[in-house]
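**Q** Pasting a structure here, questions to come.
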Amino acid sequence: MDKILRTLICKGQVSLFALETTELVNEALKIHNPSRTAAEILGGLLTCGAYLASGLKSDNGCISLTVKAKDGDGAVSVSADSALNVRGYVDGSCESTLVGGTLTVVREDEGFKPFVGTIEITSDDVSDILATYFQQSEQIPTAVMLSAEFAGNMCVGSGGVIMQLLPDADDEQTGVATVLLERFAEEFNVVNFDAQEAMDGFFAHYIGGGVFEKLPRYRCNCSEEKIRGVLASVGKAELLNICDELGEVKVHCHYCNKDYTYDKKRIEEIF
Ligand SMILES: [Zn+2]
């Protein structure tokens, strides 16, 4: 079962998160059927999205992460809310390198200023991209080890570990943590062995009883009501024009691949 566990290490000065997101990634694969390359990026972003969403303070908070390849050659986007509803979509093949593209993170959390951070991508590895983001944009030394293993159209294991130095860490713990952060990649790598065993072993070793547990899931928050809201802002005359031309107004949700269609009668009902 998907989960997010957290504990503190290094005398409480480093936060360690372990995430399992296999079901989340499989749900996304079922909806989007992406190429393998795109699936790897989407998997990493879904896992990181769940991680970031678990840190939101307000009930109305949300975050989004978007990776854009250079020259518009593909994009992957994930958004998540405080209830750990995570969703994502892929646009284009993402088959060429991401280097030179961008990662943008947007965080909206009630009581805090909206935050937007963008970095230029210098690696094709999702974990590296995210670690660079935390270091450059949020200025938090972070180790990110995310991985996903696939067999055919299925994800057989997805998850990872994220370690962050807390802001009040002293010099000694900063030193210890820096070494740990550097070595972490060698110590934990889901891809090297059976993902489920790796995650269970890791949880047992580092997290023990688990300080904190949250359950992320793939869920799109689009609804008839929201779509009607969007259509209302377009205006009745414009919508009826589209209806005359195309027979109906169709709104597609990229996150869950659902189509909302409105004929003239249903458009009249909105207004
Ligand atoms: Zn949707």
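**Q** Does segment 184-204 contain any residue that is away from the ligand (no atom under 16 Å from the Cβ), at pLDDT 90 or above and in a helix (DSSP H, G or I)?
**A** No: segment 184-204 contains no residue that is away from the ligand (no atom under 16 Å from the Cβ), at pLDDT 90 or above and in a helix (DSSP H, G or I).
**Q** Also: How many residues are surrounded by 11 or more Cβ atoms within 10 Å (Cβ to Cβ) and outside any strand (DSSP E or B) when one looks only at segment 242-252?
**A** Of the residues in segment 242-252, 4 are surrounded by 11 or more Cβ atoms within 10 Å (Cβ to Cβ) and outside any strand (DSSP E or B).
**Q** Taking segment 58-80 as the search range and keeping residues that are under 10 Å from the mean Cα position of the chain (by Cα) and not hydrophobic (A, V, I, L, M, F, W, C), which one is nearest to Ser35 (Cα to Cα)?
**A** Within segment 58-80, the subset under 10 Å from the mean Cα position of the chain (by Cα) is 63-66, 76-80.
If we keep only those that are not hydrophobic (A, V, I, L, M, F, W, C) too, we end up with 64, 66, 77, 79.
Details: Ser64: 22, Thr66: 17, Ser77: 15, Ser79: 20 Å.
Only one residue fits best here, namely Ser77.
**Q** Taking the residues in segment 72-103 that are over 19 Å from Leu46 (Cβ atoms) and among the β-branched types (Val, Ile, Thr) as candidates, determine which candidate is modelled with the lowest pLDDT. Break it down stepwise before answering.
**A** Let us first name the residues in segment 72-103 that are over 19 Å from Leu46 (Cβ atoms), namely 72-73, 95-97, 99-100.
So of that shortlist, the ones also among the β-branched types (Val, Ile, Thr) come out as 97, 99.
Numbers: Thr97: 88, Val99: 94.
Residue satisfying both the conditions and the ranking: Thr97.
**Q** Continuing with the same structure: Which of (1) touching a strand residue (DSSP E or B) at 6+ places or on another chain (Cβ under 7 Å); (2) more than 21 Å from Gln135 (Cβ to Cβ) does Val14 not meet, given it meets every other one?
**A** For Val14, the exception is condition (2).
**Q** For Pro141, indicate whether it is surrounded by fewer than 22 Cβ atoms within 10 Å (Cβ to Cβ), modelled with pLDDT of 90 or more and not small (Gly, Ala, Ser).
**A** Working: surrounded by fewer than 22 Cβ atoms within 10 Å (Cβ to Cβ): yes; modelled with pLDDT of 90 or more: no; not small (Gly, Ala, Ser): yes.
Criteria not met by Pro141.
**Q** Between residues in segment 86-102 that are of a type in the set (Phe, Trp, Tyr) and residues that are modelled with pLDDT of 90 or more and within 16 Å of the ligand (Cβ to nearest atom), which pairs lie under 6 Å by C-beta distance while being six or more apart or on different chains?
**A** Note: pairs meeting the criteria are Tyr89/Ser77; Tyr89/His254; Tyr89/Tyr255.
**Q** Sticking with this structure for a sec: Out of all the residues in segment 31-77, which are charged (D, E, K, R) and either in a helix (DSSP H, G or I) or not assigned by TED's automatic domain parsing to the domain that holds Tyr89 (or both)?
**A** The initial filter retains those residues of segment 31-77 that are charged (D, E, K, R), namely 36, 40, 57, 59, 68, 70-71, 73.
Across segment 31-77, the qualifying residues are Arg36, Glu40, Lys70, Asp71.
**Q** Identify, from the list Tyr255, Tyr260, the residue that is crowded, with 16+ Cβ neighbours inside 10 Å, within 16 Å of the ligand (Cβ to nearest atom), in a strand (DSSP E or B) and in contact (Cβ under 8 Å) with a residue 12 or more places away in the chain.
**A** Just one listed residue meets the conditions, Tyr260.
**Q** Another question, if that's okay. Please list, ordered by first then second residue, the pairs with beta carbon atoms under 8 Å, 6 or more apart or interchain, first in segment 217-235 and more than 13 Å from Asp81 (Cβ to Cβ), second among the hydroxyl-bearing types (Ser, Thr, Tyr) and within 14 Å of the ligand (Cβ to nearest atom).
**A** Glu224/Tyr260; Ile227/Tyr260
**Q** Right, next: Of all residues in segment 227-241, how many are over 22 Å from Ser79 (Cβ atoms) and either buried (at least 17 other Cβ atoms within 10 Å of the Cβ) or basic (Lys, Arg) (or both)?
**A** Residues meeting the conditions: 2.
**Q** Provide a single number: the residues in segment 209-252 that are within 16 Å of the ligand (Cβ to nearest atom) and within 22 Å of Ala53 (Cβ to Cβ). Talk me through it step by step, then tell me what you get.
**A** Step one: of segment 209-252, the residues within 16 Å of the ligand (Cβ to nearest atom) are 217-231, 250-252.
Now drop any that are not within 22 Å of Ala53 (Cβ to Cβ), which leaves 217-223, 226.
Here the count works out to 8.
The values are calculated or read from the model by the stated rules, or taken from the named source; none is laboratory data. Just so we're clear, the structure is a prediction, and the values are computed from it rather than from any experiment. Positions of Cβ are generated from backbone atoms using ideal geometry, with glycine treated the same way; all protein chains shown enter the neighbour counts.
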